[in-house]
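**Student:** To start, I am sharing the structure in question, which I have written as structure tokens.
The values are calculated or read from the model by the stated rules, or taken from the named source; none is laboratory data. Model, not experiment: these values are computed from the prediction. When we count neighbours, we look across all protein chains shown, and the Cβ atoms used for this are built from the backbone with ideal geometry, even at glycine. Surface areas here come from the heavy atoms of the whole protein model, side chains and all, with no ligands, DNA or RNA. Shrake-Rupley method; radii C 1.70, N 1.55, O 1.52, S 1.80 Å.
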Amino acid sequence: PGSITHPERYGRYVALTQRYLETMAAGAIPVGVCPPDLRKLMGYNPVVELNQTHPLVTLEHVLDNLGMYSEVTERNRIAVERNADWRVRIEELRYACNA
């Protein structure tokens, strides 16, 4: 997230962005930091947490072990369809506005 790559611009707040959902819907592996609202939406942490001291170690591990992430990518893709479809999100917004 921008809070990691450009903290001077975004501050330290980590939030769900469309990029996370697009990444997971495409079957890609999100690597970085899991925003609390993404964890809440999905019901689990769908992100491979980045070793911020040695980020290349994390990336190399993912690239060297792509097969072990196939179940994660499929779980993420299904979770996006189930939890992050705009029909679902709009209902959540309506509920939040009426609460």
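**Student:** Select from the range 46-87 the residues that are closer than 23 Å to His6 by Cβ and without any contact (Cβ under 8 Å) to a residue 12 or more places away in the chain and list them in ascending order.
**Tutor:** Of everything in the range 46-87, those that are closer than 23 Å to His6 by Cβ and without any contact (Cβ under 8 Å) to a residue 12 or more places away in the chain turn out to be Asn51, Thr53, His54, Pro55, Leu56, Val57.
**Student:** For the range 27-40, how many residues meet the condition of being touching a residue at least 12 places away in the same chain (Cβ under 8 Å) and either under 16 Å from Glu81 (Cβ atoms) or open to solvent by 30 Å² or more (accessible area, probe 1.4 Å) (or both)?
**Tutor:** Summing the residues that are touching a residue at least 12 places away in the same chain (Cβ under 8 Å) and either under 16 Å from Glu81 (Cβ atoms) or open to solvent by 30 Å² or more (accessible area, probe 1.4 Å) (or both) in the range 27-40 gives 8.
**Student:** If you take the residues of the range 1-26 that are of a type in the set (A, V, I, L, M, F, W, C) and not in a helix (DSSP H, G or I), which of them is surrounded by the fewest Cβ atoms within 10 Å (Cβ to Cβ)?
**Tutor:** Filtering first and then ranking leaves Ala26.
**Student:** Of all residues in the range 34-56, how many are closer than 16 Å to Gln18 by Cβ and either in contact with a Cys (Cβ under 7 Å, 6 or more places away or on another chain) or in a loop (DSSP other than H, G, I, E, B) (or both)?
**Tutor:** 4
**Student:** Further question on the same structure: Quick check, is Gly2 small (Gly, Ala, Ser) and within 24 Å of Leu93 (Cβ to Cβ)?
**Tutor:** So Gly2 passes the test.
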